[in-house]
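Step one of this worksheet: look at the structure below.
The values are calculated or read from the model by the stated rules, or taken from the named source; none is laboratory data. Just so you know, these numbers come straight off a predicted model, no measurement behind them. Here the Cβ positions follow ideal geometry from the backbone for every residue, glycine too, while neighbour counts run over all protein chains shown. The accessibility values were calculated without ligands, DNA or RNA, using every heavy atom of the protein model including side chains. Shrake-Rupley method; radii C 1.70, N 1.55, O 1.52, S 1.80 Å.
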Amino acid sequence: MKKNITDLEKVLDLLVEGLENKDFGESDLDRLIRRHPEYADDLRKSWKIWRELDDIEVPEINSLSRERFYQTLNDFQQVANERMPGGKYVHINTVLRWAAIFIIGVGVGLFANSGFFRAGNVDKVSGNGKNQILAQLTAGESASNRMAAIQHIKGLTNPEDQVFEALFTTLVNDPNVNVRLSTIEAMLHFVDNPKSRELLIKAITYQDDPIVQITLAEVIIRLQQEGSVDEIRKLLEMNELDLEVKMHLMETMNL
Amino acid sequence: MPLKPKPLEREQDNFLMKQVQDGDLSKMGVLFEQYHGELFGYFYRMTNDPAQSEDLVQNVFYRLLKYRHSFQPDGKFMYWIYGVAKNVFLDLYKKNNPLRHSQDIQDVKEVSNEEKNKEEQMVSSERKELLREALQRISPEQRQAIILSKFQGLKYQEIAVIANCTENAIKARVRRGLTELRNLLDH
């Protein structure tokens, strides 16, 4: 008997509708065949293929798949962080931080190796001029004036404790980060003076800016100043301490 | 076979994806853990190539992350992820078969005769291998409809949403796919 193709398709459609139900089984197939016995062979063969598809085994996924995905996710997270309002700041901060460390590192290296600045013992500033400079440092209205005062201080020979205290006050209180960083640089200029070293170490626990924190920490580490470990321990206990700074200090000092 | 997410987990997918959209990208990790095994099974049955299937899974999640803002929270996440999976697969298919029309079954029929001769000698394991090969020879649309229904447990109406066609078209694809597989294996 020649089969009607359209009818065959209709009957197979009934099977396909049944297969949507996961509980469709032999009894359902038999019921369908009883209703359409002329298509029994087609129905059985289609049903057999459907079931045999279960025999196609799927291998285990490569264990590196997870690593690949999380690397991709990490890349997206980094890009997203940089695009966030605070994210870019953090990124720039990091760059500045390490730039500051580089500058300070070079400065410390110069002092440690050459004693160059001590050799240039030229008192370029008179007594009255010194007082004016200190006034400009502590009370100057603009950051550029205070920076200029710091540059003048670097020209002093054997400055008195009063000068270091003024620098310390600036390092602790000045609202401008660049001024505070310049102050560190100036105090490093006189790093052979015990007062300068003492105040550099003391200043670290007053800092709330991560750039200044890590710059000072790096200075202390490089100077290997006696007693500096205690100051750094105090710093590590501060809640305000930047996490990156904390980790860097702990790694460097083996704390 | 990879475990499929439970219905409750599926309901949470939209919420997780919304969190991803809002900036908490770590939630994509939760979605990856839920879906990557299932997607790997889907692609493996579609391609019969484990390495390629793994690449396709990675590609899907890359696109989910890249186009996360295009997700519509009022739609189902499952539709979206399988829609992306469909596109990822079709991109690969077009790349590998630039001149081949998706509904062109001429090649299939030619292979059918070839397979017919093989069938005479085959044993059970060979039949399994032939079925695996035959599945690769039916059109990708038919293969997708069969796999999404049989292995991913989706309803025809759900597959229709993913494939962007009608439910009846999906039923027809399943029927034609089964008929093609029979032709390849049993004649």
Can you list the residues of the range B:141-186 that have at least 50 square angstrom less accessible area with all protein chains present than in their chain by itself, probe 1.4 Å? B:K150, B:Y156, B:K171, B:R175, B:L178, B:R182
The A/B contact buries a total accessible area, at probe radius 1.4 Å and rounded to the nearest 100 Å², of 4000
Going highest first, how would you order B:148-159, A:131-142 by mean Cβ packing within 10 Å? B:148-159, A:131-142
In the range A:2-57, the trypsin sites (Lys or Arg not before Pro) that fall in loop regions by DSSP, at most 16 other Cβ within 10 Å: A:K2, A:K3, A:K22
What is the average number of partner chain Cβ atoms found within 10 Å of a Cβ in A:15-26? 4
Per-bin percent of Cα-Cα distances, the range B:7-96 [5 Å]: 3, 14, 27, 25, 17, 10, 4, 0
If N is the number of residues in the range A:5-55, what value comes out of its Cα radius of gyration divided by 2.2 N^0.38 Å? 1.05
Applied in sequence order to the range A:21-34, the curve 6.51 cos²θ - 1.76 cosθ + 1.60 (Karplus, θ = phi - 60°) yields integer Hz couplings, x standing for Gly and Pro, of 7, 5, 8, 4, x, 4, 5, 5, 5, 4, 4, 5, 5, 4
Given a 1.4 Å probe, the accessible area of the range A:37-77 per residue, as a whole number of Å², is 58
Residues losing 50 Å² or more accessible surface upon assembly, the range B:59-86, compared with the chain by itself, 1.4 Å: B:L65
Across peptide A:40-50, what mean number of C-beta atoms from other chains lies inside 10 Å of a residue's C-beta? 4
